[in-house]
Structure formats: structure tokens, C-alpha cells
1. Is it the case that some residue within the range 70-79 is surrounded by 13 or more Cβ atoms within 10 Å (Cβ to Cβ) and within 16 Å of the chain's Cα centre (by Cα)?
2. Six or more apart or on different chains, Cβ under 6 Å: which pairs go from a residue in the range 279-292 that's free of Cβ contacts under 8 Å to residues at least 40 places away in the same chain to one that's in a loop (DSSP other than H, G, I, E, B) and near the ligand (Cβ under 6 Å from one of its atoms)? Could you list them?
3. Looking at LEU185, is it within 16 Å of the ligand (Cβ to nearest atom) and modelled with pLDDT of 90 or more?
4. Which condition number in (1) open to solvent by 30 Å² or more (accessible area, probe 1.4 Å); (2) more than 23 Å from the chain's Cα centre (by Cα) is the one that ALA135 fails?
5. What do you reckon, is GLU298 assigned to a loop (DSSP other than H, G, I, E, B) and either more than 16 Å from the ligand (Cβ to nearest atom) or out of contact with any Ser or Thr (no Cβ under 9 Å at 6 or more places or on another chain) (or both)?
6. Collect the residues in the range 270-295 that are among the aromatic types (Phe, Trp, Tyr), over 23 Å from ALA133 (Cβ atoms) and more than 8 Å from the ligand (Cβ to nearest atom), keeping them in residue-number order.
7. Determine which member of the set VAL173, VAL196 is free of Cβ contacts under 8 Å to residues at least 60 places away in the same chain and either farther than 16 Å from ALA105 by Cβ or open to solvent by less than 20 Å² (accessible area, probe 1.4 Å) (or both).
8. Identify, from the list LEU239, LEU211, LEU259, the residue that is touching a residue at least 60 places away in the same chain (Cβ under 8 Å), more than 16 Å from the ligand (Cβ to nearest atom) and farther than 22 Å from TYR168 by Cβ.
Amino acid sequence: MTRPGKASRAAGARASAGIGSAGGSGKTGIEQGCVIASHGRHYLVAPTDGSVPIQCFPRGKRSEMAVGDQVTFERQSADQGVIVEILTRRNLLFRSDQFKSKLFAANLDQMVIMLATEPWFSEDLLGRSLVAAEASGIAPVIVLNKADLPDALAAARERLEPYAALGYPVIEVSVKTRPDEAIALIGEQLKERSSVLLGQSGMGKSTLVNLLVPGADVATREISAALNSGRHTTTFTRLYTLPDGGSLIDSPGFQEFGLHHLSEGMLERAFPEFRPRLADCKFYNCHHLHEPGCAILEAVDKGEIAASRHALYAQLVHESSQIVR
Ligand code: ZN
């Protein structure tokens, strides 16, 4: 509901507001804002001056925006505008299959991957999320929910141990039974950062959002109405401004995370355990799949690199070669 403009960007917005407006009303020229919700080709932009979010349409058919994008737009009426330009992105998180791609979010510092001790989380999705984050220069954080279930917690810790060993932070919480602790731990991690929240259904993602952002439910209904998205009330990506600073982009539950757009060179560097060994392969253009003298394969044989991680790498290299260009 509340959507204060980001103070740090206010000066830039003031500079660009009013371009082309002779009268200087501030409402007829080019304004700057942030995309805070998207549904299909419908976007909601929060003007940087803190005024009410406005529905905006992209000018060309090809320009697709992501939540978190900084844009300039031109008002057509009180509640509608047209995007003029997408400002340079720091990064862009998206998934892709053979034929198309789907944008998650832009301009991120951090990816929060929400897991739970139960139901069983997909390690494939976890691995892909981490690779996507590494490839985009976004810091991943794993949140393990439902840590109040002792037996399930022990099993989940065992599954996550290799990831913790790689240096990925794991925050254990129980959003339902220990909400205050969850707010403190996760709130501290999100403070002053731009984060995207990913999680399969059943992991407690929406409970967490409602905990971190008071009034998130009401805001979602209002945004849904503003987007004209009809009955699909919760199936859109949404940016929340956090009470203590920073923002959280909630992406609807995901079941797949294709990474066809990542080249082999990007993939090998997206595995932190591969990086220090890449220079040790016998062949300069080693694919780390079957080559003799491959330092990665040797590390897998010695148990220094998990076989499951190498299997994910091999699968992603295969997918990358399938892309229709
Ligand atoms: Zn190799």
C-alpha cells in the first residue's frame, strides 16, 4: 500500500521529470519509476516521486520488462502511461527453455531460496537457482523453513550440508511457530538490499511475505485490480518495499528453472567448486564431461566435487546445446 520512492534515486527522477513539458506541471513530461508488478504485458510502475503507481504499457512489441526495472514513462492519462525507456540493468534474472524465456526480476543484490524441511524440496531446483544466481552476479541465501520439526530438520540439514560447505548461507527458521525469530533473522539479511524470493509451493513463502510486509495481502488485491488481471489475483510477480529499507520481489511458485541461455563458459564458472580447478585441465577447451586429464572429473573421482553437482553441470551443458537460435 505504501510505496515511498527510493530516496537515493529521487534526485535523478527530479532531473528527468519535466523533460518536454513547457508548463512544468511535472505530470506531462517524462517521469522515472520502478516496475513493481507485472502480469503478462501489463506493468505497474511506482513513480520515483512517490505518487500513486500507474499502469504502463511497453511501446514496442519486443520490449519486455521485469519487476525491479527502472524505467522512464510518459503519462497518457491519470492512471495510464507508456514506457519510454528501460534504464540500464545491473542484472536480469530469467529462466529459459528451448524456445522462450521468462523474466523473474531485475537489479538484484540477493536471491533468497526458500526451502522447508517438509514437504521434500527439489534439489534440482535448488541447484539451478544457485547456478542462475552465480551466473548473474547475485548472492544466494538459502532459507530453511519448518526447522521446528526435529526429524525432518536432521534430514534437511544433511541434504543441505554440501551447499553450506560451498559457502552458501543457510538460515534456519520456523515462520509459523517462531515468527519473531524469523522476522529478526531474515529481516536482517534483507535490510537495505534488493532481493528476489523464490520457492516451490508448500515451503511457506507467502506466510513469510505476510510476516515481513504487513498488509501484503491487501496490497496484492489492490495491485491485482490495478493490473486488470481479473481473477488471477496472486499469479504475478510483485515488488514490496520493506519497512526497514530494501525491497523484496516475490515471484510466484516455480516448478521449473530452465537455463538454456547460459553458455558452457558461463556454466563452468557458475559452479564455485569448479572455478579454482578450471586452469588445471589438460586441454584448454575442456568440456569437463569425458576428456582425459580433466581436473573437474578427477575431483569428482576423489569425492572433492559432489557427483550430483557435476551431473547438474552436465545436464545444463546439454540443455544449453539444445537452444533454438
Ligand atoms: Zn575439464
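1. There is at least one residue in the range 70-79 that is surrounded by 13 or more Cβ atoms within 10 Å (Cβ to Cβ) and within 16 Å of the chain's Cα centre (by Cα).
2. CYS281/CYS294; PHE283/GLU291; CYS286/CYS294; HIS288/CYS294
3. Working: within 16 Å of the ligand (Cβ to nearest atom): no; modelled with pLDDT of 90 or more: yes.
No: the conditions fail for LEU185.
4. Just one mismatch for ALA135, condition (2).
5. Values: assigned to a loop (DSSP other than H, G, I, E, B): no; either more than 16 Å from the ligand (Cβ to nearest atom) or out of contact with any Ser or Thr (no Cβ under 9 Å at 6 or more places or on another chain) (or both): yes.
No, not satisfied.
6. As a first pass, look at the range 270-295 and keep what is among the aromatic types (Phe, Trp, Tyr): 271, 274, 283-284.
Restricting the remaining residues to those that are over 23 Å from ALA133 (Cβ atoms) gives 283-284.
Once the filter is applied, which keeps residues that are among the aromatic types (Phe, Trp, Tyr), over 23 Å from ALA133 (Cβ atoms) and more than 8 Å from the ligand (Cβ to nearest atom), the range 270-295 yields only TYR284.
7. On the way: VAL196 fails: free of Cβ contacts under 8 Å to residues at least 60 places away in the same chain.
None of the other options fit; the residue is VAL173.
8. On the way: LEU211 fails: touching a residue at least 60 places away in the same chain (Cβ under 8 Å); LEU259 fails: farther than 22 Å from TYR168 by Cβ.
Exactly one of LEU239, LEU211, LEU259 is touching a residue at least 60 places away in the same chain (Cβ under 8 Å), more than 16 Å from the ligand (Cβ to nearest atom) and farther than 22 Å from TYR168 by Cβ, namely LEU239.
The values are calculated or read from the model by the stated rules, or taken from the named source; none is laboratory data. Model, not experiment: these values are computed from the prediction. Every residue, glycine among them, receives a Cβ derived from its backbone with ideal geometry; neighbour counts consider all protein chains shown. Keep in mind that these areas ignore ligands, DNA and RNA; they rest on the heavy atoms of the full protein, side chains included. Shrake-Rupley method; radii C 1.70, N 1.55, O 1.52, S 1.80 Å.
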